[in-house]
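Undergrad: Quick one: this structure, given as structure tokens, is what I'll be asking you about.
The values are calculated or read from the model by the stated rules, or taken from the named source; none is laboratory data. Note that the structure is predicted; figures quoted are calculated from it, not measured. Cβ placement follows ideal geometry from the backbone for every residue including glycine, while neighbour counts extend to all protein chains displayed.
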Amino acid sequence: MNIHEYQGKDILKRYGVRVQEGIVAETAEEAVEAAKKLTEQTGTGWHVIKAQIHAGGRGKGGGVKLAKNLDQVRELSEQIIGMQLVTKQTGAEGRKVHKVLVAQDVYYPGESETKEYYMSVLLDRTSGKNVIIYTTEGGMDIEEVAEAHPEKIHKEYIDPRVGLQGFQARKIAFNLGVEGEAYKEMVKFVSALYKAYDDTDSAMFEINPVLKTSDNKILAVDAKVNLDDNALYRHKDFAALRDTNEEDPLEVEASESNLNYVKLDGNVGCMVNGAGLAMATMDIIKLSGGEPANFLDVGGGANAQTVEAGFRIILKDPNVKAILINIFGGIVRCDRVANGVVEAYKNIGDIRVPIIVRLQGTNAEEGARIIDESGLKVYSAVLLKDAAQKVKEVLAGQEQQA
């Protein structure tokens, strides 16, 4: 589960990580009040107005601006709130900005130069260890750095059984080239960052940039945090951090019905029980000449309600030209699924796309009979190749009609 920058910074602060202070605002008026409050708290005269969306590259897209006075705070907030922000990570459609973070200016003059670094913590599945990835080339796209200067990317692997050791935090600070007071600050920063990642069962913490200020403080200017959905039961308060405005509406609707749904760009909707079978089904759709329009796993307890909910979600995608239902009847009986399909079809009513139902497993023949005798525009299949052929036929027929 992705969360906003300001939410990630709140988590970091709980663990003693120094961050760029900020206050979130949903209107220009709130932004001005936030700026006044920040000035009182931190003494900052300038403020950074940062769009809050679940995507990186906001600055290049025009979502991060520097305000030198309160009038500019109001003006820039009005520009950013409500804009459709397009970055490399949002795609061409972009994301609508609903709120901004009014943050303190931390690039103030001082005795030494400021310096930006990159640092992230995540799980390396190959080694089975957590890894801290870091580089002196902060403030840039890490992908570009890795491609142009792979030698500048450092990795420190941490055994989760023993956690981050002191010598590892010191090694990271040394490799980043910081000295004196900044070295001590960096060691503290790395240790606190790893503890925040580990304690919250997160999938990733990414700080870009980590800033060494002109007075040798080390702080997080940004925070991209992905919380592990599977661990939310251990962190009840994190569920409230979810922002459904940042998610696909169909994926939100699916989650409310306990369905695992991911929208894709194809023309054949698919409904399956089991993630592995779903991946195989998408392959079959590709082999038949179609493109999968979604990943939809209804789980092991498919019934009329879940099937109907799946139908309604798939049919809201205007690109869907056919639907392939592929169910293996292990825990659930195929005849029960078939009855659920027929009942859902009748409840929804006006379904204008052909539906292919492939049932295999317990009571598969009975399920196919129920489908065939329903009188509805539903085609049954037993083998995967039969289902693929049916998909190919209905798509070819639609092309001829067009």
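Undergrad: Among (1) surrounded by fewer than 16 Cβ atoms within 10 Å (Cβ to Cβ); (2) out of contact with any strand residue (DSSP E or B) (no Cβ under 8 Å at 6 or more places or on another chain), there is one condition VAL382 misses while meeting the rest; what is its number?
TA: (2) is the only condition that VAL382 fails.
Undergrad: Could you pull out the residue among TYR15, TYR6 that is closer than 30 Å to ASP229 by Cα, among the hydroxyl-bearing types (Ser, Thr, Tyr) and surrounded by fewer than 19 Cβ atoms within 10 Å (Cβ to Cβ)? Break it down stepwise before answering.
TA: On the way: TYR6 fails: surrounded by fewer than 19 Cβ atoms within 10 Å (Cβ to Cβ).
When all the criteria are applied, what remains is TYR15.
Undergrad: Could you check the range 326-402 for helices (runs of 4 or more DSSP H) lying wholly inside it with 3 or more residues that are among the small types (Gly, Ala, Ser) and at pLDDT 80 or above?
TA: 334-348, 364-372
Undergrad: A further question follows. So if I check each of GLU93, GLU30, GLU116, which one is outside any loop (DSSP other than H, G, I, E, B) and either among the small types (Gly, Ala, Ser) or more than 22 Å from PRO209 (Cβ to Cβ) (or both)? So that I can check it myself, show each step before the final result.
TA: On the way: GLU93 fails: outside any loop (DSSP other than H, G, I, E, B); GLU116 fails: either among the small types (Gly, Ala, Ser) or more than 22 Å from PRO209 (Cβ to Cβ) (or both).
After applying the criteria, what remains is GLU30.
Residues checked against (1) surrounded by fewer than 18 Cβ atoms within 10 Å (Cβ to Cβ); (2) of a type in the set (Asp, Glu):
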{"residue": "THR135", "(1), (2)": "no, no"}
{"residue": "MET140", "(1), (2)": "yes, no"}
{"residue": "ALA148", "(1), (2)": "yes, no"}
{"residue": "TYR157", "(1), (2)": "yes, no"}
{"residue": "GLU179", "(1), (2)": "yes, yes"}
{"residue": "ALA182", "(1), (2)": "no, no"}
{"residue": "LEU193", "(1), (2)": "no, no"}
{"residue": "ASP201", "(1), (2)": "yes, yes"}
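Undergrad: Return yes or no: is LYS184 assigned to a helix (DSSP H, G or I) and farther than 19 Å from SER120 by Cβ?
TA: Yes: the conditions hold for LYS184.
Undergrad: Within the range 1-27, can you find the residues that are within 20 Å of GLU206 (Cβ to Cβ) and in a loop (DSSP other than H, G, I, E, B)?
TA: Within the range 1-27, MET1, HIS4, TYR15, GLY16, VAL17, ARG18, GLN20, GLU21 meet the criteria.
Undergrad: For ARG170, work out the one condition from (1) surrounded by fewer than 15 Cβ atoms within 10 Å (Cβ to Cβ); (2) of a type in the set (Lys, Arg); (3) modelled with pLDDT of 95 or more it doesn't fulfil.
TA: So ARG170 meets the others, but not (1).
Undergrad: Name the pairs: first residue in the range 13-25 and without any contact (Cβ under 8 Å) to a residue 24 or more places away in the chain, second residue of a type in the set (Val, Ile, Thr), Cβ to Cβ under 9 Å, at least 6 apart or on different chains?
TA: Final answer for the pair search is LYS13/VAL19.
Undergrad: Quick one: which of VAL391, VAL341, VAL337 is in contact with a Leu (Cβ under 9 Å, 6 or more places away or on another chain) and closer than 13 Å to ILE284 by Cβ?
TA: None of the other options fit; the residue is VAL391.
Undergrad: Among the candidates TYR194, TYR134, single out the residue that is in a strand (DSSP E or B), closer than 24 Å to GLU5 by Cα and in contact with a helix residue (DSSP H, G or I) (Cβ under 9 Å, 6 or more places away or on another chain).
TA: Criteria check complete, one pass: TYR134.
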